[in-house]
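In what follows, a single structure is set out as structure tokens and then discussed.
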Amino acid sequence: MSQFNLHFFKEKSRKIDLEQLIAFFEAIEGIRTEMDEKSVRFYYTHPRLSYDALFIITPKSQVPDIYRLSPKFLDLNFHLEMPILTPDYVAKHYLDIVKKICDRFNFHIYNEMFEDVLPFKMDVVLKVFDMVKEAYIHKNPVLLSDYHLLSKDKLHAIFRYSDDILELQKYYQELETYVPKYHFLNTEKKKLVVGIEWKEHTLTVFPPYLDYVFYRINNEIKIVSFDELLPLIEKYLTDVPGFIKGTRVMTKKTAGKVYKIMKKTKFMKVDHTYTKESMKKLLD
């Protein structure tokens, strides 16, 4: 897959304090460091979303057309590589690391789409990244057959919930409330559906943008459309405080009424055959 590269530059100096740089990366969760005579490589895997990127120091410059850049900025032979088909939420996460590097070591950045070396600005880099991604998809539309396209707002909410799920689980542990992971599934027509498992008589958080609830009664699972379910139970749910819009939770006070609705309602039968889909096949 083609990469989006960000090259690091320094004003009037090529010096990198390698020990400090290694210490910086080793303090980041998800970093694996490797080095040999060819390069120093910092492999980054997002701890909860499993997307990968690479920060690498090479013996020679990897910057194309470097001769046209301002001579006051010197290439450090150090750059970030991330796949062009990276969702914005994850790309911003990588760029947060880039910003910290630039702030800590007084580096500047360059990408082939820039006119020259620039100080790091998140909005500028994200805008350029989106332009590159859009052009790449337009040029290679066949690649999208392996992905599911979602709106930026929807995918951002799904990723943020998945990214923050451990914190939510800690928060709701004392309240004996289940915080489920998303299940991403393909129908027989290759349509993506998003669901969660919900056990009978269990206080549960309902994340945003659900299609189905897989309601477990002992060893039986009943598939319930969330569009059909939500109007019946919405008034008995509470918004998760200070979290993503559309994230709701059951409370002990109203749980009995929700359980009664689940017991009495004959929901429409859902006739689909599902196969698991990877989160890494979602794209904005």
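FYI, it's all coordinate maths here, none of it is from the lab. Just so it is clear, the model here is predicted, and its values are computed rather than measured. Because the Cβ atoms are built from the backbone with ideal geometry, glycine has one as well, and the counts that use them run over all protein chains shown.
Quick notes
- Distance between the range 83-115 and the range 48-80 - C-alpha centres, whole angstrom: 11
- Theoretical FRET efficiency, 1/(1+(r/R0)^6), r = Cβ-Cβ of Lys199 and Glu29, R0 35 Å, to 0.05: 0.70
- Evaluated with a Cβ-only charge set (Lys, Arg +1; Asp, Glu -1), the chain carries a dipole of roughly 980 debye about its Cα centre, given to the nearest 20.
- Largest to smallest principal axis extent of the C-alpha atoms in the chain, angstrom: 74, 43, 32
- Among beta bridges identified by DSSP and lying wholly in the chain, the antiparallel ones come to about 85 percent.
- Centroid-to-centroid separation of the range 6-27 and the range 168-199 [C-alpha atoms, Å]: 40
- At an R0 of 41 angstrom, the distance between the Cβ atoms of Ser39 and Lys72 translates into a FRET efficiency of 0.95.
- Relative contact order of the chain: 16 percent, from C-alpha pairs under 8 Å at least 6 residues apart in sequence.
- Measuring between alpha carbons in the structure, the pairs from Lys38/Lys100; Lys181/Lys269; Lys154/Lys222; Lys257/Lys280; Lys191/Lys245 lying more than 29 angstrom apart are Lys257/Lys280.
- Other-chain or far-sequence residues with amide H under 5 Å of Ser2's (modelled H): Ile84
- Given charges at Cβ of Lys, Arg, Asp, Glu: the chain dipole, positive-most of Leu166, Thr254, His183: Thr254
- In order along the range 106-111, phi translates into HN-Hα couplings of 6, 9, 10, 10, 8, 10 Hz, rounded to whole numbers, per the Karplus curve 6.51 cos²θ - 1.76 cosθ + 1.60 with θ = phi - 60° and x for Gly and Pro.
- Cα-based convex hull volume of the range 1-100 per residue, rounded to whole Å³: 115
- Taken one residue at a time, the phi angles of the range 201-213 give Karplus couplings (6.51, -1.76, 1.60, θ = phi - 60°) of 6, 10, 4, 9, 8, 10, x, x, 6, 8, 9, 9, 10 Hz. Gly and Pro are set to x.
- A full extension of the chain between Ser151 and Thr273 corresponds to an added length of 41.4 nm, given 0.36 nm per residue minus the alpha carbon distance.
- Estimated vicinal HN-Hα couplings, Hz - the range 136-146 in sequence order (Karplus 6.51, -1.76, 1.60; Gly, Pro = x): 5, 5, 4, 7, 10, x, 4, 4, 5, 5, 8
- Relative contact order of the range 1-74, taken over Cα pairs closer than 8 Å and 6 or more residues apart, is 30 percent.
- Taking a Cβ cut-off of under 15 Å around Thr204, the surrounding Lys, Arg, Asp and Glu residues balance to a net charge of +3, with basic ones at +1 and acidic ones at -1.
- Residue-span extension gain [Asp103 to Ser2] - 0.36 nm each, minus C-alpha spacing: 33.6 nm
- The listed peptides 246-254, 86-94, ordered by packing as a protection proxy, come out as 86-94, 246-254 (highest mean of other Cβ atoms within 10 Å first).
- Computed over the range 90-203, Cα set: Rg, Dmax in Å: 19.5, 60
- Gaussian network model of the chain, springs between alpha carbon atoms under 10 Å - residue of Phe206, Phe267, Phe55 with greatest fluctuation: Phe267
- For a label point 7 Å along the Cα-to-beta-carbon line of Lys263, residues of the range 188-226 with backbone N under 18 Å: 199-204, 215-220, 222
- Note on the chain: with a GNM built from Cα contacts shorter than 10 Å, the maximum mean-square fluctuation among Gln62, Gln169, Gln20 falls on Gln20.
- Distance in nm between pseudo-label sites at Asn140 and Lys222 (7 Å out along the Cβ direction from Cα): 4.6
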